[in-house]
Every structure is written in C-alpha cells, then in structure tokens.
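Worksheet for the structure shown next.
The values are calculated or read from the model by the stated rules, or taken from the named source; none is laboratory data. The structure displayed is predicted, hence computed values, not measured ones. FYI the Cβ positions are ideal-geometry reconstructions off the backbone, even for glycines, and counts take in every protein chain you see.
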Amino acid sequence: MKQSQLFTKTQKNAPKDEVSLNAQLLIRAGFVDKLSAGIYTLLPLGLRVIKKIENIIREEINSIGGQEIFMPSLHPKENWEITNRWKSLDEDMYKTKDSSDKEFVLAPTHEEVIIPLAKKFINSYKDLPFSAYQFQNKFRKEKRAKSGILRGREFIMKDLYSFHLTEEDLNDYYEKVDKAYLRIFERAGIKEKTYKTFASGGTFSKYSHEYQTLTQAGEDIIYICEKCHTAVNKEIIADVENKCPECGEKLSKTEKAVEVGNIFKNKDKYTLPFKVTAKNENSEDILLLTGCYGIGLQRLMGTIVEVFNDERGIIWPETVAPFKVHLISLSQNEQAQEIYDNLVKSGIEVLYDDREISAGEKFADSDLIGIPYRIVISKKSLENGGVEIKKRNEKESRIIKIEDIAKEIK
C-alpha cells in the first residue's frame with residue numbers, strides 16, 4: 001500500500017483526555033480513532049492488526065475442532081429471562097425496544113443464544129462433543145472505560161462454547177483449549193510475559209483460569225510461581241494459602257497484569273434452565289455440560305502495544321504487524337517503485353512511504369507506526385551499494401543489495 005493513499009494521518013500529540021499508553025500510541029499512529037469513552041473506530045492499519053490476530057486465533061481454535069458461526073448481537077428479552085440474567089446483569093447491559101415495545105439487549109455475551117441453538121441440533125451422544133465459536137461485537141456498560149482499548153464499551157470478542165456429555169470429556173477439552181491459548185499468545189509475541197492464572201471459579205468450579213500478561217497498564221495483581229510459570233489472582237490468594245495450586249511452591253512475587261483471555265467450566269449453569277439434554281448410549285436423557293472460552297481482540301491488541309513500545313512508538317511483533325516492511329523513498333521514487341513492486345510480487349506486505357515530506361518526518365512516522373522492517377532508499381544508500389535496512393527493535397541499520405531484499409526479509 002502507498003502511504004500517500006492512506007486516508008488517515010499520524011499525530012504529533014495524543015488527545016489530552018487519553019491517559020492510557022496503548023490508546024495514545026494507537027491514536028497518534030493512526031490505528032484507531034476515539035469516538036467516545038470506550039468506543040473506538042478501527043482504522044485501516046488497526047483493522048489489519050485485528051485481522052492478523054483474528055486469523056491466529058481462528059487457526060488455533062479450528063485445530064481443536066471449533067466450528068465457526070456468527071450469532072446476532074441483538075437478543076430478545078425472553079432468552080435472558082430464562083437464565084435470570086435480564087435483571088442480574090441489568091447494570092452491565094444496553095437495553096432497547098422496537099416499535100412494538102418488544103425488549104432486546106445488545107449482547108454482552110452469547111450463552112443465551114448458543115445454548116438454545118445447540119438444543120435444536122444435539123440429540124444424542126453421537127453428536128457430542130462439539131464446540132462452536134465466533135468473532136462478534138460485545139456491548140457492556142463499562143464504568144471504568146479509561147484504559148484505552150483494554151477496557152471498551154463495544155469490542156470484538158472471540159467466544160468459544162463447548163458441549164459435553166460427561167465431566168471427564170469437558171475436562172479433556174478444557175485442557176485442549178488451554179494449550180491452544182498458549183499457542184495463540186506465543187504467536188502474538190506475548191507468551192513469555194503471559195501467565196496461566198488461577199482465578200475464582202464461581203458457583204460451579206473451584207477455579208477458572210485467566211491468561212494474564214505482565215504490564216504496568218494492568219488492573220489485576222497476580223502472584224507468580226517462577227517454578228512452573230503459573231500465577232494466582234490476588235482475589236483468591238487466601239484460598240490457595242499463598243501456594244501455587246500446580247506445584248505447591250510458595251508464592252511471593254507480585255506483578256501488575258492485564259487479562260487477555262479466560263476459560264470457564266460452566267457445567268450445567270446454562271443448559272439446566274434451557275433443559276438441553278442428549279441421550280447417552282443407554283438412551284437416557286443426560287443434561288449437557290458446557291465450557292466457555294473468551295479472548296478480546298482489541299484487548300489483546302492493546303496489550304501487545306503496552307508490552308512492545310519505546311520512546312519513539314510501537315514495536316509490532318512480525319506476526320501481527322499491519323505490514324512487514326516500511327519502504328521509505330528519499331527522492332529515489334523510480335527505484336523505490338521497482339522495489340515495492342518486486343516485494344509485493346514476492347508476497348511481502350509493504351507500506352510504501354512515497355509522500356513528499358521531509359526525511360525526518362518519514363523516519364518519525366515509521367518509528368511511531370512500528371512496522372518490523374524499515375528499508376530506506378536514497379542517493380547515499382545507492383552510492384553505498386544498495387538500500388539501508390533496519391529492524392524496528394534494533395538501533396543500527398546496514399546496507400544490503402537491492403536484489404537481496406526479498407531474501408533478507410523472508
């Protein structure tokens with residue numbers, strides 16, 4: 001893509017009312033635009049990042065048998081009354097009425113749709129287990145919408161729901177999701193700073209699990225087990241007597257962290273009110289058990305920014321970067337166009353800065369946007385034998401031959 005054709009622009013200063021680093025950098029670099037507190041537009045660069053994250057998640061969830069669907073955001077009141085959450089979640093939900101006075105909710109979550117949906121199709125143990133997931137907008141009356149895209153009022157969530165005849169089967173799938181999540185966070189570049197964290201399990205399980213990434217932007221405090229790379233949320237530290245539930249090691253190190261994903265065993269919490277059963281091998285009706293597993297895409301994007309940045313801007317991991325190469329031309333437009341065309345033909349994603357602005361402005365924008373590789377073509381670089389290449393997370397650049405660029409990047 002040519003940067004001159006990108007309708008968005010970078011900004012020297014972040015909005016005065018934006019206190020979070022992730023939003024400051026993403027707004028300044030032209031990835032998102034703030035419409036209101038907790039409500040952001042994904043601009044072309046930002047949407048490219050979100051789509052990279054989405055595809056990583058999709059590949060890993062597909063690998064454990066997830067079937068992708070797309071459920072409505074507008075839910076009728078009746079479904080939420082069945083689970084008694086129309087009133088219990090009232091403070092968190094945006095509600096509305098149609099012209100006939102029928103009441104609806106803009107969904108904060110989708111159990112009230114997926115559970116009756118499964119009831120229509122699941123009849124026998126032969127249909128089980130199965131899992132379905134989606135990428136869908138969620139709406140929540142967030143009272144603390146002050147952490148940029150880490151805590152939004154409207155956001156995209158990957159939610160996966162699994163259905164099982166036995167608790168053993170639920171436990172097996174729960175472990176598969178755990179491994180898939182660790183692969184997702186590894187591919188997103190944050191695995192080393194992310195801890196599988198024991199948290200409150202609510203009514204139906206002793207524990208649930210969160211995936212907490214270390215950052216000063218986090219609102220949670222976790223106790224870290226350095227022996228087995230797990231953690232415990234501060235909210236349940238008394239329950240585990242300050243010992244790691246995995247290995248028994250004493251927990252002493254605390255860190256601030258942000259939750260980038262979670263997994264729950266809901267068991268029959270939602271299948272019971274909807275009376276969702278399937279016949280076992282003895283033709284007995286068995287109440288189904290469920291698990292639910294969430295990852296917020298904007299929250300993951302914002303966490304990556306909080307983890308990977310410096311005083312000049314964002315430093316995107318290659319796997320989620322909007323482009324792999326930022327090509328900068330300093331008046332050598334004909335040669336730059338040829339390089340751009342060759343990289344695109346090689347299947348390499350390139351943002352080509354062909355704008356007629358100063359070199360200093362181009363370099364500053366490049367650092368702010370944070371694309372992994374910067375290639376500069378100038379009169380000086382050509383005199384020295386080619387182009388100047390530098391990785392965003394490195395200080396020094398070097399000269400390589402033009403014919404070696406694609407090989408170097410790949």
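Mind listing whichever residues of segment 400-410 are surrounded by 15 or more Cβ atoms within 10 Å (Cβ to Cβ) and touching a strand residue (DSSP E or B) at 6+ places or on another chain (Cβ under 7 Å)? Write out each step before concluding.
Here is the first cut: in segment 400-410, the ones surrounded by 15 or more Cβ atoms within 10 Å (Cβ to Cβ) are 400, 402, 405-406, 409.
Within segment 400-410, Ile400, Ile402, Ile405, Ile409 meet the criteria.
For segment 144-165: of the residues being part of a loop (DSSP other than H, G, I, E, B) and modelled with pLDDT of 95 or more, which is farthest from the chain's Cα centre (by Cα)? Reasoning before the result, please.
Initial filter on segment 144-165 (part of a loop (DSSP other than H, G, I, E, B)): 144-147, 151-153, 165.
Narrowing the set further to residues that are modelled with pLDDT of 95 or more leaves 153, 165.
Values: Arg153: 15, Leu165: 30 Å.
Once the filter is applied, the top-ranked residue is Leu165.
Does Ile82 qualify as being in contact with a Lys or Arg (Cβ under 7 Å, 6 or more places away or on another chain) and at pLDDT 95 or above? Please lay out each step first, then the result.
Numbers: in contact with a Lys or Arg (Cβ under 7 Å, 6 or more places away or on another chain): no; at pLDDT 95 or above: yes.
In short, no.
For segment 110-125, enumerate the residues that are aliphatic (A, V, I, L, M) and either modelled with pLDDT under 95 or assigned to a helix (DSSP H, G or I) (or both).
Initial filter on segment 110-125 (aliphatic (A, V, I, L, M)): 113-115, 117-118, 122.
Once the filter is applied, which keeps residues that are aliphatic (A, V, I, L, M) and either modelled with pLDDT under 95 or assigned to a helix (DSSP H, G or I) (or both), segment 110-125 yields Val113, Ile114, Ile115, Leu117, Ala118.
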When Leu272 is run through (1) without any contact (Cβ under 8 Å) to a residue 24 or more places away in the chain; (2) part of a loop (DSSP other than H, G, I, E, B), the failure sits at (2)
In segment 104-117, is there at least one residue being surrounded by fewer than 20 Cβ atoms within 10 Å (Cβ to Cβ), charged (D, E, K, R) and in contact (Cβ under 8 Å) with a residue 24 or more places away in the chain? no
Within the set of pairs 6 or more residues apart or between chains, which connect a residue that is closer than 15 Å to Tyr161 by Cα inside segment 64-77 to a residue that is of a type in the set (A, V, I, L, M, F, W, C) with Cβ atoms less than 6 Å apart? Ile64/Ala180; Gly66/Leu160; Gln67/Ala132; Ile69/Ala132; Met71/Val113
For segment 6-56, how many residues meet the condition of being surrounded by fewer than 18 Cβ atoms within 10 Å (Cβ to Cβ), closer than 20 Å to Ile357 by Cβ, in contact with a helix residue (DSSP H, G or I) (Cβ under 8 Å, 6 or more places away or on another chain) and not polar (S, T, N, Q)? 3
Which members of segment 82-117 meet the condition of being touching a strand residue (DSSP E or B) at 6+ places or on another chain (Cβ under 8 Å) and among the hydroxyl-bearing types (Ser, Thr, Tyr)? Tyr94, Thr96, Thr109
Is at least one residue of segment 375-394 over 23 Å from Lys9 (Cα atoms), in contact with a strand residue (DSSP E or B) (Cβ under 8 Å, 6 or more places away or on another chain), assigned to a loop (DSSP other than H, G, I, E, B) and touching a residue at least 40 places away in the same chain (Cβ under 8 Å)? yes
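Condition first: within 15 Å of Tyr181 (Cα to Cα) and not β-branched (Val, Ile, Thr). Now tell me which residues in segment 246-269 satisfy that.
Here is the first cut: in segment 246-269, the ones within 15 Å of Tyr181 (Cα to Cα) are 259-264.
Of everything in segment 246-269, those that are within 15 Å of Tyr181 (Cα to Cα) and not β-branched (Val, Ile, Thr) turn out to be Glu259, Gly261, Asn262, Phe264.
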Considering only residues that are over 21 Å from Ile369 (Cβ atoms), within 35 Å of the chain's Cα centre (by Cα) and assigned to a helix (DSSP H, G or I), which ones fall in segment 324-347? Asp341, Asn342, Lys345
Given the criteria surrounded by fewer than 18 Cβ atoms within 10 Å (Cβ to Cβ), basic (Lys, Arg) and more than 21 Å from the chain's Cα centre (by Cα), does Lys141 qualify? no
